[in-house]
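The values are calculated or read from the model by the stated rules, or taken from the named source; none is laboratory data. None of the values given here were measured: they were computed from a predicted structure. Here the Cβ positions follow ideal geometry from the backbone for every residue, glycine too, while neighbour counts run over all protein chains shown. Remember, those area values only see protein heavy atoms, side chains included, never the ligands or the DNA or RNA. Shrake-Rupley method; radii C 1.70, N 1.55, O 1.52, S 1.80 Å.
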Amino acid sequence: MQTFETLSFRGQLGRLRRLAEDALAEYRIQHARLVPLAHSENTTFRVDTPSAERYVLRIHRTTGSPFHPPRSMAEVWSETTWLSALRRDAGLAVPEPVATADGSFLTLVASESVSEPRVCVLFRWGPGRFLDAGLTTSHLERVGRFIALLHDQALGFAPPAGFERWQIGDLTDEVTANVASAVGEQFGSKAVSTVEVVMDMVQQARRKLGTGPHVFGLIHADLHQENYLFHRGRVRAIDFDDCGWGHFVYDLAVTLSELRERRDDRALRAGLLRGYRAFRPLPPEHERFLEVFHGLRLLQLTLWFLEQRDHPAFPDWETEARDGLADLRTLASRLASSDRRRSLAPRGESLCQLVE
């Protein structure tokens, strides 16, 4: 039998469909119609049952990178635990996990046709409509309010025993060495210099912000416009797979990062921050870190494309990664020459020289 990793996109999806059917049996769901939604790192299917119920099944990846590690069963359980708390304590519209027949919110499914057992989790389908070109400042105000309420809930959330989520942007010596090695192997020393500059800027920003409870806690970490939607004036967020411990300002940076190419990006930014500040403080000295955390987001996306180089869904991974490196270089140069950049780094011109 051909190994799973060497299959085409369609071949991989076919085998994962069979695994999905096995996973649904754990939820006592049979004869459902499975509609593929995504197959990149994780794989998701819409599940339509004969009784007209609708769900989303997520099949987790087994590979990752230092910036985007695969999720353990404990981490997936922790995600479902926080989602349940967000629904219960804050009344936020987030995915509702569904329990298996034995009461667990996840299951581990093995199949001979797939190389390793996969963690699977089922969510109820939530109503709503995605917007992109149609986004207005009013929509972004609502998103800002949603993020503020999510952060408020995170402040009061007491993780139960066994709760595990990754720390976003934790650039340990091991992580930075692995990133530099991966980038250097594919794109050379100049690219390594660029990512090292950005990682240094992020580290300085993280140190300045600290990890006090009002600046650091559980965050969504991937709240772009394909992960929030609107239903009857209410914001609904999906895909908490990347949630973890991080700086609250990073959530805002991710949302804004995906809007930068729009002509009305300044107005949308103002709307997002206005909505956020209506419920939570965002001091100007914290707002100025948005640009640096935009750099962290760019770096994560660039490394994500590099990570996908063997995946059949991403034949253009190299172009995407090179574009990301170019954006990082531009951002690093801009930050290095600004007053904001100089206020973050007391080391003279060393970083500036690297990006010139």
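Considering each of Leu229, Leu272 in turn, give the residue that is in contact with a Leu (Cβ under 6 Å, 6 or more places away or on another chain), over 30 Å from Phe187 (Cβ atoms) and not β-branched (Val, Ile, Thr).
Matching residue, one of Leu229, Leu272: Leu272.
Between Val143, Val175, Val179, which is of a type in the set (A, V, I, L, M), modelled with pLDDT under 95, in a helix (DSSP H, G or I) and crowded, with 19+ Cβ neighbours inside 10 Å?
Matching residue, one of Val143, Val175, Val179: Val179.
Looking at this structure, is Phe305 in contact with a Lys or Arg (Cβ under 7 Å, 6 or more places away or on another chain), hydrophobic (A, V, I, L, M, F, W, C), in contact (Cβ under 8 Å) with a residue 12 or more places away in the chain and open to solvent by 20 Å² or more (accessible area, probe 1.4 Å)?
It is false that Phe305 is in contact with a Lys or Arg (Cβ under 7 Å, 6 or more places away or on another chain), hydrophobic (A, V, I, L, M, F, W, C), in contact (Cβ under 8 Å) with a residue 12 or more places away in the chain and open to solvent by 20 Å² or more (accessible area, probe 1.4 Å).
Pull up the range 41-88, narrow it to residues that are acidic (Asp, Glu) and assigned to a loop (DSSP other than H, G, I, E, B), then point me to the one that is least open to solvent (accessible area, probe 1.4 Å).
Only one residue tops the list, namely Glu41.
Using the structure shown, decide if Glu196 is open to solvent by 50 Å² or more (accessible area, probe 1.4 Å), within 25 Å of His214 (Cα to Cα) and touching a residue at least 60 places away in the same chain (Cβ under 8 Å).
In short, no.
For the range 182-218, what are the residues that are in contact with a helix residue (DSSP H, G or I) (Cβ under 9 Å, 6 or more places away or on another chain), closer than 19 Å to Glu307 by Cβ and not hydroxyl-bearing (Ser, Thr, Tyr)?
Of everything in the range 182-218, those that are in contact with a helix residue (DSSP H, G or I) (Cβ under 9 Å, 6 or more places away or on another chain), closer than 19 Å to Glu307 by Cβ and not hydroxyl-bearing (Ser, Thr, Tyr) turn out to be Ala182, Val183, Gly184, Gln186, Phe187, Ala191, Val192, Val195, Glu196, Val198, Met199, Val202.
Out of everything in the range 297-346 that is aliphatic (A, V, I, L, M) and in contact with a His (Cβ under 8 Å, 6 or more places away or on another chain), what residue ends up being modelled with the highest pLDDT?
Top of the filtered list is Leu331.
So which residues in the range 290-300 are more than 13 Å from the chain's Cα centre (by Cα) and either open to solvent by less than 10 Å² (accessible area, probe 1.4 Å) or without any contact (Cβ under 8 Å) to a residue 24 or more places away in the chain (or both), if there are any at all?
Leu290, Val292, Phe293, Gly295
Kindly establish whether Leu37 is farther than 20 Å from Phe163 by Cα and open to solvent by less than 30 Å² (accessible area, probe 1.4 Å).
No, not satisfied.
Can you give me the number of residues within the range 213-233 that are among the β-branched types (Val, Ile, Thr) and either on the phi > 0 side of the Ramachandran plot or not in a strand (DSSP E or B) (or both)?
Total meeting the criteria: 1.
Please find, within the range 1-40, the residue that is nearest to Val109 (Cα to Cα) out of those that are in a helix (DSSP H, G or I) and of a type in the set (S, T, N, Q).
Taking the candidates together, the pick is Gln12.
Considering every residue within the range 18-33, establish whether at least one is touching a Pro at 6+ places or on another chain (Cβ under 8 Å) and touching a residue at least 60 places away in the same chain (Cβ under 8 Å).
Scanning the range 18-33 turns up no residue that is touching a Pro at 6+ places or on another chain (Cβ under 8 Å) and touching a residue at least 60 places away in the same chain (Cβ under 8 Å).
Take the residues in the range 234-269 that are assigned to a helix (DSSP H, G or I) and of a type in the set (Gly, Ala, Ser), then tell me which one is least open to solvent (accessible area, probe 1.4 Å).
The extreme case among them is Ala253.
Show the residue pairs meeting these rules: Cβ distance below 7 Å; 6+ apart or different chains; first residue within the range 208-226 and without any contact (Cβ under 8 Å) to a residue 40 or more places away in the chain and within 19 Å of Leu86 (Cβ to Cβ); second residue surrounded by 16 or more Cβ atoms within 10 Å (Cβ to Cβ) and among the β-branched types (Val, Ile, Thr).
Sorted first by the residue in the range 208-226, then by its partner, the pairs are Asp222/Val254; His224/Val254; His224/Thr255.
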